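This report refers to the structure that appears directly beneath it.
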Amino acid sequence: MKTRAQEILKRLRSAYPDAGCELQHWQTPMELAVATILSAQCTDKRVNMVTPVLFAKYRSAADFAAVPQETLEAEIRSTGFFRNKARNIRALAAVVVEKFGGELPSDLDTLVGLPGIGRKTANLLVATVFGQPGIVVDTHFKRLSQRLGFTKLEDPDKIEFDLKAILPEEDWTDWSHCMVFHGRRCCYARKPDCAACPIATLCPSCGKV
């Protein structure tokens, strides 16, 4: 599996040389954390439509902590589940201000303990902002890892550790980004485009292995 994973990553890197986080307009770790919270059950495209105005208005964790719940709800309504998202953003910002001087911590275990931050978001933050290896298990990562035969599990946290056992640490971040790019552009949930897939001959679900 390790050898196959390396060849898969080689092909996906070639197919998607620009693979990376598709959340835009953020400039600080706190802003990416907010964008990631907004992206739950929502497309990055929609989040990217909301964040320019949001980040122009709220420049710091203190700003997000101070905004009234109802105001933030109205401003993020189009991303869905806006009440819970607003609560999580405000709670996160309050803790960051109170315990970390307004700066989001860079440690994975510390991030996971913060409001609104699960392992997926924490890994995205350490990988994208803090330059540390991270495995970001979103719906695309989960689907592709199962189709490729690297895990049979459903729980994202357990899938993360399955893949950590297969991939070298230095490849965790690239693998995550490539999985998401490939899932959005080729290996669709309902009708994967196996005919155009650069890793079809390495995929047991395609039947060409």
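Annotations
- Choice from Gln27, Gln132, Gln146 with maximal GNM fluctuation in the chain (Cα, 10 Å cutoff): Gln27
- Normalised by residue number, the volume inside the convex hull of the Cα atoms of segment 2-116 is 123 Å³ per residue.
- Rel. contact order, % - alpha carbon contacts under 8 angstrom, at least six apart, the chain: 22
- Too-long pairs where the Cα-Cα distance tops 25 Å, listed order kept, from Lys152/Lys191; Lys142/Lys164; Lys85/Lys152: Lys85/Lys152
- Exposure rule at most 13 other beta-carbon atoms within 10 Å, DSSP loop trypsin sites (Lys or Arg not before Pro): the chain longest free segment: 60-151
- For the pair Gln41 and Leu153, label points projected 7 Å from Cα toward Cβ lie 2.5 nm apart.
- Only helices enter the 222 nm calculation for the chain: every DSSP H run of n ≥ 4 contributes -39,500 (n - 2.57), and dividing by all residues gives -17000 deg cm²/dmol, rounded to 500.
- Largest GNM mean-square fluctuation among Thr151, Thr110, Thr121, using the chain with Cα springs under 10 Å: Thr110.
- Among the DSSP helices (H) of the chain, those spanning at least 24 angstrom by Cα along their long axis with an average Kyte-Doolittle hydropathy of 0.0 or more are 82-100; this is a geometric and hydropathy rule only.
- Ranked for footprinting exposure by Cβ neighbours inside 10 Å, fewest first, Thr3, Thr128 give Thr3, Thr128.
- Working from the Cα coordinates of the chain, the gyration tensor eigenvalues give, after taking √(5λ), semi-axes of 33, 18, 14 Å in decreasing order.
- Projected label distance in nm at Ala94 and Glu22, using a 7 Å step from Cα toward the beta-carbon: 3.4
- For the chain, built as a Gaussian network whose Cα springs stay under 10 Å, the top-fluctuating residue of Leu72, Leu32, Leu125: Leu72
- Magnitude of the charge dipole for segment 29-103, about its Cα centre and with charges confined to Cβ atoms of Lys, Arg (+1) and Asp, Glu (-1), is about 200 debye.
Every number here is computed from the coordinates shown, using simple stated rules; none is lab data. All of these numbers come straight from a predicted model, not from anything done at the bench. When we count neighbours, we look across all protein chains shown, and the Cβ atoms used for this are built from the backbone with ideal geometry, even at glycine.
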